[in-house]
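Only one structure is covered here, and it is reproduced in the block below.
The values are calculated or read from the model by the stated rules, or taken from the named source; none is laboratory data. Because the structure is a prediction, the values reported are computed rather than measured. Heads up, the Cβs are rebuilt from the backbone with ideal geometry, glycines too, and the neighbour counts pull from every protein chain shown.
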Amino acid sequence: MPTGRFVTDNGMAVPAVSAETTREADRIAIGEQAPNLFQMMENAGRSMALTAIDHLGPGWRDVLIAVLAGRGGNGGGGICAARHLANHGGDLMVVLAEPDRLSPVTPTAASCLPEDLGSERAECALQAGSDPRRPDRL
């Protein structure tokens, strides 16, 4: 059930749902529809990677993409996006929030990343697993 709204850059009001509602939707999807959390992270990561490629256009491999990943399953989706982009020749930097407190599924996603990701600059950032209105809570 929507609990609020946010407005896009072009002025469109989009309903927002609470973290509690999202967790309940995930619980129902996992319990009743049978995808497991790893599959959900993988699907989210693939979708984020494709969105970044679409947003950046044909020269997407020429820019550094920063992935800001939280410690939970959504952060795991961001890590999967980074892996997809890196596997297709993308220049990536991954920043993990609280890497010493990752949820049980996130390290599995992180273990698949190339070891040489990182840089000092970024032209595009994918934020996964935190509230973009609260950058202090990554």
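Assorted remarks:
- Residue list for region 70-94, restricted to those being assigned to a strand (DSSP E or B), of a type outside the set (D, E, K, R) and surrounded by fewer than 20 Cβ atoms within 10 Å (Cβ to Cβ): 93
- Single unsatisfied condition, residue 33 versus (1) more than 30 Å from residue 100 (Cα to Cα); (2) at pLDDT 90 or above: (2)
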